[in-house]
Amino acid sequence: MAQVHQFDAIVVGAGGAGLMAALYASRGIKTAVISKLYPTRSHTGTAQGGIGAALGNLEPDSWEWHAFDTVKGSDYLGDQNAAKVLATEAIDAVIELELMGLPFDRTEEGRISQRRFGGHTNNETKQPVRRACHSADRTGHMILQTLYQNCIKENVTFFDEFHVVDLIMNGDRPAGVVAVEIDSGELHVFQAKAITFATGGWGRIWQTTSNAHTLTGDATAIWLRRGLPLEDLEFFQFHPTGLYPIGVLITEGVRGEGGVLINDRGERFMERYAPTIKDLASRDVVSRAIYLEIRDGRGIKGKDYVHLDVRPETVNRYLAEAGEERRLTAEDVINKLPDILDFTKTYAGVDPVKQPIPIQPTAHYAMGGIPTNLNAEVIRDGSETVIPGLYAAGEVACVSVHGANRLGTNSLTDLVVFGRRAGQQMLDYCKNADFVALPDNPTAEVEAELDRIRNASGSVRGIEIRKKMRKVMMDHVGVFRTEDGIQKALDTIRQLQDDFRNNLSIDDHGYRYNSDMLEAWELGALLDTAEATALAALERKESRGAHSREDFPKRDDENYLAHTMIYSEAGKLAVRFDRPVDLSLGYEPKERVY
Amino acid sequence: MKVTLRIRRFNPETDQKPYWGDYTLDGVEPTNSVLELIHRVKWEQDGTLTLRRSCAHGVCGSDAMRVNGVNRLACKILMDGIGVKDGDTIQLEPILGLPVIKDLVVDFEPFFDHYRAVMPYFVPATPPPADGRERIQSQAEREVFDDTTKCILCACCTTSCPSFWASGKYVGPAAIVQAHRFIFDSRDGAAKERLNILAEPDGVWRCRTIFNCTPACPRDIEVTRAIGEVKLAIKRAE
């Protein structure tokens, strides 16, 4: 029998959203954070360029501009009420982080320094605005560290290296979660009145990704298995500048500092695709442009990459051409982008002060995920029926703020703003809520699955399945998509699910720190999330934001100005476009031009 | 090229004592990282091989290990970075000074106990500004502690330190780096408490300035200098 723990509130995941939720909840109720990693290993720590908030520390800015940019960036699929929450609460949230000790870079007046980022504009001049609050190029690291430090200060309870593998439902009410204690291999039940999932994304579905090995869609798979819906999965962001060939993220901040994208002919090609803000157009636009350049034979030396050039002489030539007074020095590059220099030197042997950086688009961020309302409450249908006591925040959640495409810096903003809301909501909810009774033998189902994997004796190694999944998703459910391609991917994924269930082989049959078994369990989660992603991509017969259908190249507001809800009904997936988009700020959908 | 990984193995469920396992890989590229090679062994040859890893680009701090006898992040060391040639062997062991759980995985709890002991969090010297905005700090004040904000708690420094090997009670370089980050922050008001903690017998004075920690740091933090600055601050406060 599994050990049973009881807390008022449980937070699953210890990245920015989870820690923020935990800090707020633990002020009034007994709270624990469960993570399959040590908290400081969470992927929030790899975010680089900045956190968006209209502080206006260096030039005029307003939350209304931030909200509009977010909606426009989302290709009008983002909910406008959510964009308003994000843009207004961002300002206070960033101040809160500073007051918690976060060491932001400073302006000459000693205020939080800000830089330019893609898609963030002065709505009057249409020019890029300095909205991204930064700490060198390790802003995410600083946020993660600061939040973890504050959790230690506030004595938050942690269960480190406990891998959550199931959500316990009693009827339609959440009662707790099941976790594997990784060290011992034993199952633990955590009963709670309120549960927040903040488990991040699932970029490991794709071959080239900026995502950590541990971003495996655990929560999305659990949702499908528990018959709960997911939202907007077809919208997965490919960041334009992944380091070639390994896909490590190179921050948009490089372009924010003046860096430009250059093809094999030496052209600054973004001038053709986004005449006004050029290299700082939103990410979907830039990633498509890079793909088209490569497809038309203008990749560097005919290969699958282009150059990101931040050499001062290049940047200054374009700044002079644009009539700007600002100039970039080698010292600026070294001081403002130290980690980028480290990555490019370590993994590509390139010094960005002297050489252009080889880059290619890389699978980066899930706009979709677990559907929630503005209060981070999980909903079970397009009519926003709330599941009391169940919350989601950060990348795993789909509020939806980011719609069809997220703006750079808005992920960090999202996780503090909505992580905070989730924590506050749990605090309020638990005052009047009671525990939901655990069903009989709550671990039975997942225990059987883990035992099946632990003792699997088929002939297919996990790596073979994983490689095929990642390739077919990259080839057919990547930056450009067609019906035939997506169908092929879907068929392949279903075949791989069959291999996974019936013909898997495992070497480690033990209990202690069995990462062979847990990686295989994660592979199952990736496959289920990939299937739902491909199905959503198949059904959305239009092009919007990050979802670009070559067979349906136009946006179709008449039929698809709605969120995709992916329902899991009796083991089958069904897609319905039954969650309307909120348009309450009055920004009418129109053509996106940058 | 062909490369052999010689890995220190130990599974408490099946092994009486640790042993060396040799795994040969073909088709290794000069740009492959040590982590990629370990993954190939785990995924293609022996799934029981156990390690921690996550981001795979030197930021999360999961995969600290001894690579040819020195502490490194496996994801941040490439073949050509350590001069590996065809036919070579790379030796991999868990970091020293922390109990081994299985293969390359060690128990991090004693390390995080030391971290938590130095008040590794911001204690504001002043109440929040009345205007509801951020505290003011000059960029020059911010730069004083910039280096130590880069720490990712990977334990490469602490587990390279002979003083830590000699006594696990020593708080170790990583905890001192974390304390430094706050002691020298102009907004912080608890420097005195932290310096008192670090002036204890198991604090900074266990450091013998051996300098192992500085080259071990995958974030290029000048760890020994940071420890020296803390020592100096304690002396000045006396």
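The values are calculated or read from the model by the stated rules, or taken from the named source; none is laboratory data. Here the structure is a predicted model, which is why all the values come from computation and not from measurement. Every residue, glycine among them, receives a Cβ derived from its backbone with ideal geometry; neighbour counts consider all protein chains shown.
Can A:ILE143 be described as assigned to a helix (DSSP H, G or I), crowded, with 24+ Cβ neighbours inside 10 Å, more than 8 Å from chain B (Cβ to nearest Cβ) and of a type outside the set (Gly, Ala, Ser)? So A:ILE143 fits the description; yes. Only residues that are within 11 Å of chain A (Cβ to nearest Cβ), under 20 Å from B:GLY228 (Cβ atoms), β-branched (Val, Ile, Thr) and surrounded by 20 or more Cβ atoms within 10 Å (Cβ to Cβ) were counted across region B:144-175, and they come to 2.
Residues in region A:21-39 that are out of contact with any helix residue (DSSP H, G or I) (no Cβ under 7 Å at 6 or more places or on another chain) and among the β-branched types (Val, Ile, Thr): A:ILE34 only. In this entry, A:ASN155 passes the filter for residues that are within 13 Å of another protein chain (Cβ to nearest Cβ), surrounded by fewer than 24 Cβ atoms within 10 Å (Cβ to Cβ) and not basic (Lys, Arg). The conditions of being closer than 26 Å to A:ASN405 by Cα, surrounded by fewer than 19 Cβ atoms within 10 Å (Cβ to Cβ) and either touching a residue at least 12 places away in the same chain (Cβ under 8 Å) or more than 14 Å from chain B (Cβ to nearest Cβ) (or both) are met by A:ARG298. In the set (1) in contact with a helix residue (DSSP H, G or I) (Cβ under 6 Å, 6 or more places away or on another chain); (2) at positive phi; (3) among the polar types (S, T, N, Q), A:GLN424 fails one condition alone, (2). Going by what's in this entry, would B:THR214 be described as under 19 Å from B:VAL70 (Cβ atoms), assigned to a helix (DSSP H, G or I) and in the same structural domain as B:ASP147 (by TED's automatic domain parsing)? So B:THR214 passes the test. Of the residues making up region B:7-51, those that are in a loop (DSSP other than H, G, I, E, B) and either under 17 Å from A:ALA520 (Cβ atoms) or more than 8 Å from every other protein chain (Cβ to nearest Cβ) (or both) number 17. Just one of the numbered conditions (1) at pLDDT 95 or above; (2) surrounded by fewer than 24 Cβ atoms within 10 Å (Cβ to Cβ); (3) assigned to a loop (DSSP other than H, G, I, E, B) is not true of A:GLN191: (3). Of all the residues that make up region B:54-69, how many are touching a residue at least 12 places away in the same chain (Cβ under 8 Å), within 12 Å of another protein chain (Cβ to nearest Cβ) and on the phi < 0 side of the Ramachandran plot? Summing the residues that are touching a residue at least 12 places away in the same chain (Cβ under 8 Å), within 12 Å of another protein chain (Cβ to nearest Cβ) and on the phi < 0 side of the Ramachandran plot in region B:54-69 gives 7.
Criterion applied to B:ALA226, B:ALA179 was being within 14 Å of another protein chain (Cβ to nearest Cβ) and within 19 Å of the chain's Cα centre (by Cα), and the one residue passing it is B:ALA179.
When each of A:PHE269, A:PHE238 is tested for being among the hydrophobic types (A, V, I, L, M, F, W, C), in contact with a strand residue (DSSP E or B) (Cβ under 8 Å, 6 or more places away or on another chain) and farther than 23 Å from A:ALA536 by Cβ, the lone residue that passes is A:PHE269. Apart from one condition, A:GLY247 fits all of (1) within 14 Å of chain B (Cβ to nearest Cβ); (2) over 30 Å from A:ALA574 (Cα atoms); (3) without any contact (Cβ under 8 Å) to a residue 12 or more places away in the chain; the exception is (3).
Would you confirm, using the coordinates I've provided, whether B:GLU141 is outside any helix (DSSP H, G or I) and either farther than 28 Å from A:ILE340 by Cβ or charged (D, E, K, R) (or both)? Judged against the criteria, B:GLU141 is not a match. Helices (runs of 4 or more DSSP H) fully within region A:1-110 that include at least 1 residues being within 14 Å of chain B (Cβ to nearest Cβ) and within 14 Å of A:ARG131 (Cα to Cα): A:80-99. Within region A:435-466, the residues that satisfy the criterion of being within 14 Å of chain B (Cβ to nearest Cβ) and surrounded by 14 or more Cβ atoms within 10 Å (Cβ to Cβ) are A:ILE453, A:ARG454, A:ALA456, A:VAL460, A:ARG461, A:GLY462, A:ILE463, A:GLU464, A:ILE465, A:ARG466. A Cβ distance below 8 Å, combined with a sequence gap of six or more or placement on separate chains, defines the contacts here; from region A:158-173, residues that are assigned to a loop (DSSP other than H, G, I, E, B) reach residues that are aromatic (Phe, Trp, Tyr) and surrounded by 20 or more Cβ atoms within 10 Å (Cβ to Cβ) in the pairs A:GLU161/A:TYR38.
Within this structure, A:GLU531 fails the test of being free of Cβ contacts under 8 Å to residues at least 60 places away in the same chain and within 14 Å of another protein chain (Cβ to nearest Cβ). If you go through region A:441-493 and pick out every residue that is more than 25 Å from A:PRO240 (Cα to Cα) and assigned to a loop (DSSP other than H, G, I, E, B), you end up with 7.
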